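Below: one structure, written as structure tokens.
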Amino acid sequence: MSRSDAPVRWHSIWARRGWQATLLWPLSLVYRALSSGRRWLYSVGILRTERLPVPVIVVGNVVVGGAGKTPTVLALLEHLKARGWTPGVVSRGHGRQGHETREVLVDTPADEGGDEPTLIRRSSGVPVFVARKRVLAARALLARHPEVNVLLCDDGLQHFALGRDIAIAVFDDRRTGNGWLLPAGLLREPWPPRPGQAHVPDLVLRQQREGTGEPAPLALPDGVPAFWAPRRLADEALGPHGERCALTALQGQPLTAVAGIARPEVFFEMLRERGLSLNHTVALPDHAGPEHFRSLLSTLTGTVLCTEKDAVKLFACLPAAGAPHALLCWAIPLQLHPDPAFFNALDQRLTALPHARLSSTHGHQTA
């Protein structure tokens, strides 16, 4: 099994309780014991959770990889800004070099800021900080940007050192797979949580490709509402210098699609659903580094399509890649359209928080 096809193979194993998953099941019991023990240490106060003076919204997965955290964060940022909030984002910054606490700026290379934080910063314009410990990123962000009055934590459901006020669990069409924990299944934690268990999410957002109907049923904790968010590829592709190209203009052309994400085959399927002909597809490891793209681009000609997450690395490699002059690269944004009821539920919870302010030392009066 090569690195490129490993994700497909693992997701196939995690989709059912076959012999391969069954062999791994004893290891999932060890994983469960370790994660439950860690959760218990936080619940009794042996490990400390730090609360911040502004509301913290955590967005994360209960399942491993590719459920749609980053599109959810971007949709939330757009909504919060429209409602008058001044948000910021903290993240660990998976795939970056180094572990120091740093601000991700518009010109920060993706290998220094992490591909997802770099995409969030460039797409939203809000302050973004990364650190090995998210609480350090949060402290640094509020010190540098005192106007920020709400924080989004990207991928933080299983990280309890940073206190959360609202937790959002994101699911995709895989739901919970075979229902077993890693490494025998998709789950990072048992689902649904048992009654009374700490750190139960407040909201569930279920994502599915547009046109495939509403998602199949998902077991939910008592009292936790679930909402639907169809997702689709944008009608326009984006070039390295802000160029735009309608997807319809790419129909009938020989194309190469590249994806270094958790589930590259989903991106390829969505491109085909939009009427694009893919002569070649290249699946890279999730969070693939610039060296993967430099090596790849030197072998390609024609027109290359990629995700926005990959574009923050691929586009930076173009000038020095030694690629033929005829090479054209386009990023295809992924658009997420959550049910308005999801945002209404979020607003109700956010404005009810005692430390939610629309203007104070962190920028606000009571909302």
Expressed as an acute angle from 0 to 90° and rounded to the nearest 10, what is the orientation of the C-alpha long axis of helix 264-273 relative to the principal long axis of the chain?
60 degrees
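Between L105 and Q197, what is the FRET efficiency for a Förster distance of 35 Å, r being their Cβ-Cβ separation, to the nearest 0.05? Could you put the intermediate results ahead of the total?
On the way: r = 39 Å, r/R0 = 1.12.
For L105 and Q197, the calculated efficiency is 0.35.
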Rounded to whole angstrom, the alpha-carbon centroid of the stretch 158-205 lies from that of the stretch 257-294 at a distance of 27 Å
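Divide by every residue of the chain the summed helix terms, -39500 (n - 2.57) for each DSSP H run of at least 4, and state the resulting mean residue ellipticity at 222 nm, rounded to the nearest 500 deg cm²/dmol.
Details: 11 runs with 117 residues, N = 367.
So the helix-based figure for the chain works out to -9500 deg cm²/dmol.
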Let's see if you can work this out: charge +1 on each Lys and Arg Cβ, -1 on each Asp and Glu Cβ, no other charges. What is the dipole magnitude of the stretch 151-221 about its Cα centre, in debye to the nearest 20?
240 debye
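For the pair S12 and A246, what calculated FRET efficiency results from E = 1/(1 + (r/R0)^6), where r is the Cβ-Cβ distance and R0 = 45 Å, to the nearest 0.05?
The calculated FRET efficiency here is 0.80.
What is the calculated FRET efficiency for D347 to A33, with r their C-beta to C-beta distance and R₀ = 45 Å, to the nearest 0.05? Walk me through the numbers on the way to the answer.
Working: r = 39 Å, r/R0 = 0.86.
Efficiency computed from Cβ-Cβ geometry: 0.70.
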Mind checking the angle between helix 115-124 and the chain's longest principal axis? C-alpha axes, 0 to 90 degrees, to the nearest 10.
80 degrees
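Every read-out reported here was derived from the displayed coordinates using simple, explicitly stated rules and does not represent laboratory data. Keep in mind that this is a model prediction, so the values were computed, not measured. We place every Cβ from the backbone using ideal geometry, glycine too, and count neighbours over all the protein chains shown.
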